[in-house]
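Have a look at the structure below before the remarks.
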Amino acid sequence: MKASDLLVECLENEGVEYIFGIPGEENLDFLESLRGSSIRLIVTRHEQAAGFMAATYGRLTGKAGVCLSTLGPGATNFVTAAAYAQLGAMPMLMITGQKPIKRSKQGQFQIIDIVDMMRPITKYTHQIVSADNIPSRVREAFRRAEEERPGAVHLELPEDVAAEGTDARPVAQSKVRRPVVEEKSIRQAIELLEQARRPLLLVAAGANRKLTARVLRQFIDKQQIPFITTQMGKGVIDETSPHFVGNAALSAGDFLHRAINAADLIINVGHDVVEKPPFFMTQGGIHVIHVNFQSAAVDPVYFPQVELVGDIANAIWQLNERLEPQDSWDFSYFRKVCSALEHHLVEGVDDGRFPMYPQRLVADVRKVMPDDGIIALDNGVYKIWFARNYKARHPNTVLLDNALATMGAGLPSAMAARLVFPGRKVMAICGDGGFMMNSQELETAVRLGLNLVVLILDDSAYGMIKWKQANMGFRNFGLDLGNPDFVKYADSYGATGHRLSKADDLLPLMHSCLESDGVHLIDVPVDYSDNDRILNREIQAKSKLV
Ligand SMILES: Cc1ncc(C[n+]2csc(CCOP(=O)(O)OP(=O)(O)O)c2C)c(N)n1
Ligand SMILES: [Mg+2]
């Protein structure tokens with residue numbers, strides 16, 4: 001059997017459904033082996049987008065998404081996507097080609113050390129030097145990618161190895177369960193909880209990776225402990241719950257920070273320090289129970305007193321079985337924060353100004369999206385508005401990247417979401433800056449026949465940086481852009497472009513786009529002029545009064 005056939009068989013053995021990427025001549029044996037396989041090759045227009053799609057597939061399924069590129073320039077294009085998967089804990093396998101390693105007449109043409117390049121941004125990176133090793137290397141790559149904390153892995157398949165013969169066979173997956181938390185740790189956590197007066201639950205990214213929603217809901221139902229979410233923890237528990245006290249979209253000064261400051265104990269479910277810290281610990285300050293698949297990486301702002309290390313759902317279940325709600329708990333202040341936040345969240349939701357007010361836009365998107373609809377955000381200042389104001393009702397219905405926080409992933413991640421969930425409504429929400437970083441994938445989306453809505457928040461600027469610039473007291477400089485005619489641009493790809501001309505049209509337009517087939521792009525002029533006032537000053541002032 002040819003090595004490349006064996007590699008494909010090993011991937012099938014892992015349940016791989018898709019490979020995203022762009023083949024080069026060094027992948028041609030592998031490509032030929034894919035031809036007759038059960039795996040669907042999705043050819044993209046840039047390797048970075050293929051990587052984002054593979055990572056998002058991994059994020060949504062828990063199974064490593066696979067992407068493919070050639071050596072040199074193809075592989076270097078994977079770098080940002082690898083970092084995205086690695087920091088965001090998304091299981092992803094990159095397969096790259098290489099010139100023959102045994103005998104080659106091509107000098108160093110296109111050759112750089114990709115295995116070494118991948119080292120700091122992957123959990124595992126390896127050059128396959130013998131066909132006989134393929135089964136164990138592939139199994140190991142999947143094991144590493146998918147095991148908590150998930151991330152990126154890389155295999156390099158040189159041309160000559162791909163063409164070798166072998167009689168090796170795939171390695172079967174072992175039956176394995178995640179370890180569970182020791183009972184003594186549960187007792188220590190319960191002691192802290194029994195002494196606490198104002199415990200607060202924090203739900204973060206780790207809780208969105210596995211099936212933890214049901215047991216967390218049971219925990220809150222029984223204990224009545226209010227909760228906050230990080231950006232990547234949105235939707236694990238329905239944010240319309242009366243126990244919801246807010247999302248950590250801003251780093252400080254928001255309503256939920258009042259609750260954090262008043263809490264004496266935080267049960268941190270699934271946060272690790274890669275995501276922007278939702279709170280800062282200080283010596284002698286708040287107590288923290290860390291609940292995660294791994295122990296806490298200690299940081300100057302994070303050093304929990306008790307750790308429940310093991311399967312999160314099981315840890316919460318054990319805690320809930322043994323813990324009774326305490327009479328000494330007092331949530332009255334959290335409830336006050338919650339109602340002040342609710343008052344603030346409805347401000348501006350029916351503002352009629354045009355270009356559109358971000359609060360109105362978020363509210364309209366929430367109205368039009370079904371509860372299980374998925375929004376995939378790129379990175380820009382609107383991410384704060386969506387994280388803060390858009391109430392997620394189901395796990396992984398708000399896909400955003402608060403780890404690498406890269407621009408350019410909005411459209412590819414929406415495309416991957418639509419592939420994984422063909423029955424659900426999916427909307428990409430991008431700034432004009434971030435959209436243009438991977439806008440070529442409109443062609444891929446059209447070619448794949450995806451039903452997708454792409455909302456472009458058009459301020460003709462790198463608005464997020466403009467906002468920070470203003471906040472630092474600097475005058476506007478270096479951040480304004482020109483844009484293509486987005487409607488013509490979309491149409492030229494075979495998508496359908498729409499331009500909004502008044503605020504009241506957005507809701508019906510999004511509705512009709514979501515209800516019709518194909519790729520729809522909506523160019524939405526936005527008014528960011530109040531961002532600084534509201535996000536930097538008004539929220540701080542109003543929350544201080546609670
Ligand atoms: C790849 C990448 N380059 C640069 C940045 C820094 N950055 C963060 S947001 C932003 C501006 C985003 O502009 P746009 O997409 O138009 O969104 P807006 O904030 O204007 O709504 C920049 C440059 C980044 N996060 N990722
Ligand atoms: Mg912009």
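The values are calculated or read from the model by the stated rules, or taken from the named source; none is laboratory data. Since we're looking at a predicted model, the values are computed, not measured. Glycine also receives a Cβ, built like all others from the backbone with ideal geometry; neighbour counts cover every protein chain displayed. Surface areas here come from the heavy atoms of the whole protein model, side chains and all, with no ligands, DNA or RNA. Shrake-Rupley method; radii C 1.70, N 1.55, O 1.52, S 1.80 Å.
Tabulated results
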quantity	calculated
Positive minus negative residues near residue 83 (Lys, Arg vs Asp, Glu; Cβ under 14 Å)	0
Length gained when the stretch residue 529-residue 167 is fully extended (0.36 nm per residue, less Cα-Cα span)	123.8 nm
Residue among 284, 55, 345 farthest towards the positive dipole end of the chain, charges placed on Cβ	284
Links that overshoot a 24 Å alpha carbon limit, given the list 63/99; 102/123; 210/276	63/99; 102/123
Rg in Å to one decimal, and Dmax rounded to a whole Å, for the stretch 321-419 via C-alpha atoms	17.1, 54
Prolate/oblate/rounded label for the stretch 167-212 (Cα gyration tensor, a/c 1.5)	oblate
13 Å beta-carbon shell around residue 406, net charge (K/R +1, D/E -1)	-1
Nonlocal amide H pairs with residue 431, under 5 Å, H built at 1.01 Å	378, 379, 457
The chain, accessible area per residue, ligands and nucleic acids excluded (1.4 Å, Å²)	39
Label point at residue 322 placed 7 Å out along Cα→Cβ; residues across the stretch 156-186 whose backbone nitrogen lies under 15 Å	180-186
HN-Hα J in Hz across the stretch 531-546 - Karplus 6.51, -1.76, 1.60, θ = phi - 60°, x for Gly and Pro	3, 4, 4, 6, 6, 8, 10, 4, 4, 4, 5, 5, 5, 4, 6, 6
Mean-position separation - Cα centroids, the stretch 440-479 and the stretch 18-36, in angstrom	33
Cut-off 11 Å between beta-carbons: net charge of the residues surrounding residue 124, Lys and Arg +1, Asp and Glu -1	+3
Test item: Cα-centred dipole of the stretch 71-199, Lys/Arg +1 and Asp/Glu -1 on Cβ, debye	260
Dipole of the chain, positive direction: furthest Cα of 497, 201, 122, with charges on the beta-carbon	201
Pairwise centroid distance, computed over Cα atoms, of the stretch 383-403 with the stretch 38-101, Å	24
Estimated FRET transfer efficiency (residue 501, residue 372; beta-carbon r; R0 41 Å; 0.05)	0.85
Dipole in debye (nearest 20) - the chain, about Cα centre, beta carbon charges: Lys, Arg +1; Asp, Glu -1	760
Cα-derived Rg to Rh of the chain, Kirkwood definition	0.99
Charge dipole of the stretch 225-349 about the Cα centre (unit charges at C-beta), most positive-ward option of 328, 309, 293	328
Sites residue 76 and residue 104 - FRET efficiency at Förster radius 25 Å, r taken between beta-carbons, to 0.05	0.80
